[in-house]
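Read the figures in this text as sums done on the coordinates, not as results from a lab. This is a predicted model, so every value here is computed, not measured. In this analysis, Cβ positions are derived from the backbone assuming ideal geometry, glycine residues included, and neighbour counts consider all displayed protein chains.
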């Protein structure tokens with residue numbers, strides 16, 4: 001029956017050009033499943049060539065799997081490029097140059113005074129508005145300012161800084177430098193200081209304190225002091241004074257890692273939980 | 001948390017008479033009644049509907065500031081309870097700031113004998129003034145103190161008790177190493193409980209006796225405060241202190257007793273001096 005069907009198909013197509021049809025029939029007379037089969041012939045006579053060929057069963061060419069469309073790379077450069085392309089300003093180059101200079105000058109002027117992400121975002125948004133309002137280009141550049149605002153919104157200070165520098169570079173038409181790799185965490189600390197304003201301390205802070213103090217190995221390595229700590233001579237505690245100078249404007253409560261020489265080598269806002277606090281300390285060698 | 005109800009709302013005056021212990025808290029003199037700033041003026045007071053969850057978190061953590069206590073103190077038969085409780089509170093704060101292993105035991109009699117007689121007792125704000133200005137000598141039976149003296153950090157240790165024991169010349173130069181920084185007055189039940197929730201220790205008194213309150217608890221849904229007494233370990237309920245040691249010496253005050261204490265003045269100590277050699 002199957003053979004009759006096959007011959008019927010051939011008859012129907014007679015006279016028409018068609019691709020070769022390969023049928024491999026099994027012992028039961030039924031065709032083998034479609035697919036690629038390899039025919040190997042090892043000649044007994046060395047003078048004859050071996051045969052190593054693929055037989056495609058099914059007659060047609062199996063179409064290759066569809067290639068998914070390329071996904072645009074989600075790099076900072078790509079995102080900034082898209083934002084800039086969305087700006088509808090006939091004076092885009094000139095406006096972009098003014099904005100670039102404003103970004104760079106602002107970052108330079110605030111390099112030592114702004115150390116937190118919120119303040120940096122606020123200042124840069126203010127500068128953008130000032131420049132664009134003065135040029136009457138605020139609406140035209142809204143895709144750029146809104147988009148850049150969304151990019152930096154969840155970032156920490158270091159990431160914000162890198163992004164604004166990249167944005168300035170993009171406005172200048174230059175290549176966007178890749179963000180620097182994050183520095184590896186310091187692992188050479190041997191002690192730590194937690195600066196915690198007593199009057200701002202909460203139950204959660206006490207839970208963190210208790211967890212540290214219950215750890216007989218960790219506890220001796222961690223001081224937990226009020227920023228107004230004094231010595232027996234009623235002088236400000238010199239280590240606390242040094243810590244505050246090191247931290248600058250970074251807000252408390254803060255955990256600081258200290259190396260063998262007594263220098264501060266890393267710091268962070270006091271983590272929210274005992275586990276995160278102990279993990280931060282351990283990563284830096286305080287354990 | 002299950003409490004030992006035998007030590008709830010103890011009448012200190014009666015208990016002292018029955019057991020041969022001493023009290024020794026006097027009302028504050030008028031000129032010191034408003035000595036300290038109010039806790040309520042600068043700290044968040046937790047609403048009462050938050051207490052249950054917050055205390056549950058304390059219970060879940062296994063303990064609270066009583067775990068900073070190195071030992072239960074024993075004032076013996078001297079009316080020095082205010083300074084004994086002050087010594088305990090100061091030692092607890094040392095543990096919080098520097099670590100339990102760095103606590104130096106303090107001689108409460110070194111302060112009391114300048115602020116009370118052999119029989120009179122003393123006031124809590126008077127102790128606040130003393131602790132902020134002069135301090136207490138460290139105890140001469142503390143091995144760490146002996147090591148400090150050998151290292152030259154200071155010179156003058158003193159026994160914990162013994163009203164009549166003279167202090168060595170120059171002792172104030174040592175006592176200044178062991179001072180508190182600032183005290184707050186607590187005048188409401190809400191502030192009292194909130195301070196305990198935040199890990200502060202409170203000196204509170206009633207029935208002529210002062211104790212060191214260390215932990216808020218709930219007993220049948222009702223707020224109580226656990227304190228460390230200074231009557232040694234022959235008094236009180238058993239709880240775990242530093243190093244996993246279980247010891248007697250604790251009691252509990254109900255809301256009514258807390259109200260009594262805050263109406264007369266309870267005090268929370270903010271921080272202690274960090275001596276320059278404390279590393």
Amide N of region B:1-15 lying under 13 Å from the label point, which is placed 7 angstrom from the Cα of residue B:254 along Cα→Cβ: B:5-11
Per-residue average of Cβ from other chains inside 10 Å of A:222-234: 6
If you take every DSSP beta bridge whose two residues both sit in the protein assembly as shown, what share of them, in percent to the nearest 5, is antiparallel? 85
Could you check the spin-label model distance between residue A:246 and residue B:119? Points 7 Å from the Cα along Cα→Cβ, value in nm. 5.7
Angle, helix B:255-264 long axis vs. longest principal axis of chain B, Cα atoms, 0 to 90°, nearest 10? 50
Under a no-solvent Debye model with one identical scatterer per Cα of the protein assembly as shown, what's log10 I(q)/I(0) at q = 0.05, 0.08, 0.10, 0.11 Å⁻¹? -0.40, -0.68, -0.88, -0.99
Do the sum for chain B: with -39,500 (n - 2.57) for every DSSP H run of n ≥ 4, divided by all residues, what is the mean residue ellipticity at 222 nm, to the nearest 500 deg cm²/dmol? -9000 deg cm²/dmol
Using a Gaussian network for chain B with springs between C-alpha atoms less than 10 Å apart, which of these wobbles most: B:44, B:139, B:206? B:44
FRET efficiency for residue B:31 and residue A:136, using Cβ-Cβ distance with R0 set to 56 Å, rounded to 0.05: 0.20
In nm, to one decimal, how far is the residue A:125 label point from the residue A:156 one, both placed 7 Å along Cα→Cβ? 2.2
Nearest-0.05 FRET efficiency for residue B:41 and residue B:61 at R0 = 30 Å, using Cβ-Cβ distance, is 0.55
Antiparallel %, DSSP beta bridges [both residues in region A:123-274], to 5: 75
What average number of partner chain Cβ atoms lie no more than 10 Å from the Cβ of the residues making up B:205-214? 0
Give me the base-10 log of I(q)/I(0) for region B:74-122 at each q in 0.20 Å⁻¹, Debye formula, one uniform scatterer per Cα, rounded to two decimals. -0.63
Please express the Cα-Cα pair-distance distribution P(r) of chain B as a list of whole percents, one per 5 Å bin, running from 0 to the bin with the greatest distance. 1, 6, 14, 18, 20, 18, 13, 7, 3, 1, 0
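Set the Förster radius R0 to 41 Å, insert the Cβ-Cβ distance between residue B:52 and residue B:234 as r into 1/(1 + (r/R0)^6), and round the FRET efficiency to 0.05.
0.75
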Among A:205, B:177, which comes first, then next, by fewest other beta-carbon atoms within 10 Å? A:205, B:177
Over the residues of region B:11-117, compute the C-alpha Rg and express it relative to 2.2 N^0.38 Å. 1.32
Over region B:178-279, consider all pairs of different Cα atoms and compute the Kirkwood hydrodynamic radius from their mean reciprocal separation; express it in Å, one decimal. 14.5
Along principal axes, Cα extents of region B:107-254, largest first, whole Å: 53, 33, 29
When you count, for each residue, the other Cβ atoms within 10 Å and take the mean per peptide, how do B:83-89, A:226-232, B:120-126 rank with the highest first? B:83-89, B:120-126, A:226-232
Equivalent ellipsoid dimensions for region A:108-228 as semi-axes, Å, which come from the Cα gyration tensor, largest first: 41, 18, 12
By how many degrees, 0 to 90 and rounded to 10, does the Cα axis of helix B:48-60 deviate from the longest principal axis of chain B? 60
In peptide A:196-202, how many Cβ atoms from other protein chains are near each Cβ within 10 Å, on average? 5
Run the quick spin-label model on residue A:32 and residue B:207: label points 7 Å from Cα toward the beta carbon, then report their separation in nm to one decimal. 10.0
